[in-house]
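Asks: Just passing along the structure, written as structure tokens.
Quick note: the coordinates plus some simple rules give every number you see, no bench work behind them. Quantities reported herein were computed from a predicted structural model and do not represent experimental measurements. Glycine also receives a Cβ, built like all others from the backbone with ideal geometry; neighbour counts cover every protein chain displayed.
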């Protein structure tokens with residue numbers, strides 16, 4: 001399903017008589033009258049390729065002529081001087097595959113025409129309460145036509161279950177976009193390894209990452225980069241990126257770009273002075289062994305639970321060997337005694353969203369992986385400076401290693417394999 005038209009047809013083919021209504025992402029105000037950078041809703045973009053706000057997509061099965069309808073901002077020369085060109089009503093039809101398009105201001109008056117005589121309405125109630133009110137008003141207006149012999153949707157369903165299942169399986173075109181995102185992210189991480197030296201600041205590395213992303217055609221970071229030096233690496237979602245990098249620090253960099261609305265998500269941890277200390281190397285090699293084992297387990301039929309269990313077993317055995325845990329491996333797992341050191345899961349879906357959509361379970365059971373899915377594999381060990389139970393020489397060490405893995409018919413493909421991660425590769429890159 002490489003084209004937007006194919007995706008729309010596939011979605012609607014599951015409904016004998018239905019109308020789907022999907023709004024664009026709202027504009028968010030940053031401060032006073034300044035807006036945050038706009039990024040289109042992933043579902044809306046997946047079906048349209050349309051990046052403008054204040055838009056609504058309507059898909060129908062029963063309308064004789066209008067199966068794809070867009071409500072958009074009309075052309076407005078005065079506003080376009082300030083905000084840039086708009087596609088307008090004409091462009092929505094000409095360039096984005098709509099059978100008909102109307103100004104967004106006409107949504108309330110025209111939507112009942114598209115709801116009538118459909119059995120089912122597909123809309124995500126609860127996501128945008130203000131837009132929900134518009135849907136309710138349109139339903140009320142459609143019901144008021146009953147005396148004219150007009151029917152209305154008696155069933156409302158969330159289209160996300162089907163739409164997100166579609167998004168979970170990547171087409172060749174989507175994989176190509178993710179490979180390009182991975183290549184840009186590779187260049188950014190390697191540049192960061194060369195830049196990060198004692199005396200630099202975390203925000204300098206952050207700035208370089210963003211520069212490389214943008215210079216290579218990425219629209220934006222897939223998420224705010226995490227650049228944590230020293231003990232900041234033990235904070236999972238560290239955000240301030242403000243510390244001066246010191247001699248002997250490990251630097252954890254969790255950063256990925258977005259390209260064509262598809263995300264990369266990569267973490268590397270390395271010694272800014274060019275050499276791991278013995279405790280740093282012991283923790284790093286343990287995390288790397290854990291990740292290698294988990295990636296090896298990634299294949300059709302495996303589950304994310306299988307992959308996590310593989311990573312967890314290696315980490316727990318290693319922590320026992322290093323004296324950070326004691327006793328039996330299984331007891332440590334069953335009683336969650338490892339959680340002060342490894343407190344997150346190993347994998348999540350990756351795609352248009354960095355934590356992408358799609359069901360993780362089939363009923364009560366973890367779903368098996370299938371070709372076309374993309375996941376992260378990202379074990380880590382985090383030993384807080386305040387962890388009095390840990391030996392002093394390990395305190396303040398945080399290591400995470402993360403790659404993006406495509407499930408293939410015969411196993412897997414590591415999309416980010418070109419980014420250095422062995423001890424020798426990292427020490428060479430940081431030398």
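Asks: Using only Cα atoms, tell me the angle between helix 202-215 and the longest principal axis of the chain; keep it within 0 to 90° and round to the nearest 10.
Replies: 50
Asks: What is the pair-distance distribution P(r) of the stretch 101-195, computed from all Cα-Cα distances in 5 Å bins starting at 0, with each bin given as a whole percent?
Replies: Each 5 Å bin holds this share of Cα pairs: 3, 10, 14, 14, 12, 9, 9, 8, 7, 6, 4, 3, 1, 1, 0.
Asks: Further, regarding this structure: Mind jotting down a quarter of the surface of the convex hull over the alpha carbons of the stretch 4-166, in square nanometres, one decimal?
Replies: Approximately 10.1 nm², given one-decimal rounding.
Asks: Percent antiparallel among DSSP beta bridges with both residues in the stretch 4-166, to the nearest 5?
Replies: About 50 percent, rounded to the nearest 5.
Asks: Can you tell me which of 314, 374, 266 moves the most in a GNM of the chain? Springs connect C-alpha atoms under 10 Å apart.
Replies: Comparing 314, 374, 266 in a Gaussian network model of the chain, the most mobile one is 314.
Asks: Using every pair of alpha-carbon atoms in the stretch 190-302, split the distances into 10 Å bins beginning at 0 and state the percent of pairs per bin, rounded to integers.
Replies: With 10 Å bins starting at 0, P(r) equals 14, 40, 32, 12, 1.
Asks: Provide the percentage of antiparallel DSSP beta bridges, counting only those with both residues in the chain; round to the nearest 5.
Replies: Just about 80 percent of them are antiparallel.
Asks: Just to confirm my numbers, what's the Cα centroid distance between the stretch 112-135 and the stretch 274-306 in Å?
Replies: What the calculation gives is 46 Å, centre to centre.
Asks: So what's the angle, to the nearest 10 degrees on a 0 to 90 scale, between helix 278-296 and the longest Cα principal axis of the chain?
Replies: 40
Asks: If every alpha-carbon in the stretch 14-68 counts as one equal scatterer, what log10 I(q)/I(0) does Debye give at q = 0.27, 0.28 1/Å?
Replies: The Cα Debye sum returns log10 ratios of -1.05, -1.08.
Asks: Percent relative contact order of the stretch 100-227, based on C-alpha pairs within less than 8 angstrom and at least six residues apart?
Replies: About 20 percent, as a whole number.
Asks: Okay, moving on. Take peptides 25-34, 380-389, 319-328, 363-372 and line them up by average Cβ neighbours within 10 Å, highest first, as a rough protection proxy.
Replies: Sorting 25-34, 380-389, 319-328, 363-372 by mean packing, highest first, produces 380-389, 319-328, 363-372, 25-34.
Asks: As a check on your grasp of the helix formula, calculate [θ] at 222 nm for the chain: sum -39500 (n - 2.57) over DSSP H runs of n ≥ 4, divide by the residue count, round to the nearest 500.
Replies: Computed ellipticity for the chain at 222 nm equals -11000 deg cm²/dmol.
Asks: Treating the angle as unsigned and between 0 and 90°, give the value, to the nearest 10°, between the Cα long axis of helix 172-195 and the longest Cα principal axis of the chain.
Replies: The two axes meet at around 40 degrees.
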